[in-house]
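Read the structure below first, then the notes.
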Amino acid sequence: EKEDFQSVVDSMIRQLLAKDVMYEPMRQIAEKFPEWLAAREDQLSPEDYERYGHQYQYFQQIVALYETEPDNFPRLMELMQDMQEYGQPPAEIVTELAPGLQFGEDGMPVMPNMGPGVMP
């Protein structure tokens, strides 16, 4: 039973990480990152600048992996998890690509009609 559950989870992760789902948004964010970083270098603390620089490097690696080995899900998962250690990408970049998307104080996207008390 535990193995069945794991295979379902693995299948869902593969669907979420599929190139046709993730490649274009990741490429667009990676494309906008250098200009965003350059425009804000004087405004960001050295720590934030470095953190966003690490994020940008991960976006580049993920895009390159989608272009060379799009079915290497273990490596994609590893890169995604490593990138998460540096927090959320800049909200300005994400909202430019997804107008109307809002972020909560925790940096996570706000999903209307989701959360406690929504289900009857």
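Show me 79-90, 5-16, 48-59 ranked by packing, highest mean number of other Cβ atoms within 10 Å first. Present the calculation step by step, with values, prior to reporting the outcome.
On the way: 79-90: 15.3, 5-16: 10.9, 48-59: 17.0.
Top of the packing list down: 48-59, 79-90, 5-16.
Hey, what do the phi angles of the range 4-17 turn into as Karplus ³J(HN,Hα) couplings, whole Hz, using 6.51/-1.76/1.60 and θ = phi - 60°, x for Gly and Pro?
Using θ = phi - 60°, the values come out as 4, 4, 4, 5, 5, 4, 4, 5, 5, 4, 4, 5, 5, 8 Hz.
Tell me, what is the Rg over Rh of the range 1-98, with Rh the Kirkwood radius over Cα pairs? Mind showing how you got there, number by number?
Numbers: Rg = 15.2 Å, Rh = 14.5 Å.
My calculation of the ratio gives 1.05.
Counting only Cα atoms, I'd like the Rg/Rh figure for the range 1-52, Kirkwood definition for Rh.
Values: Rg = 17.9 Å, Rh = 13.9 Å.
With Rg and the Kirkwood Rh in hand, the quotient comes to 1.29.
For the residue pair TYR49 and LEU97, what label-to-label distance in nm results when each label sits 7 Å from Cα along the Cα-to-beta-carbon direction?
2.4 nm
What three numbers, in Å, describe the spread of the alpha carbons of the range 23-75 along their principal axes, ordered from the longest?
39, 18, 12
Can you compute the modelled spin-label distance between ARG27 and GLN15, with each label point 7 Å from Cα toward Cβ, in nm?
2.4 nm
No value in this document is a laboratory result; all are computed from the given coordinates. All figures in this text were calculated on a predicted structure; none of them were measured in a lab. Reconstructed Cβ throughout: ideal geometry from the backbone, glycine too, with neighbour counts over all protein chains shown.
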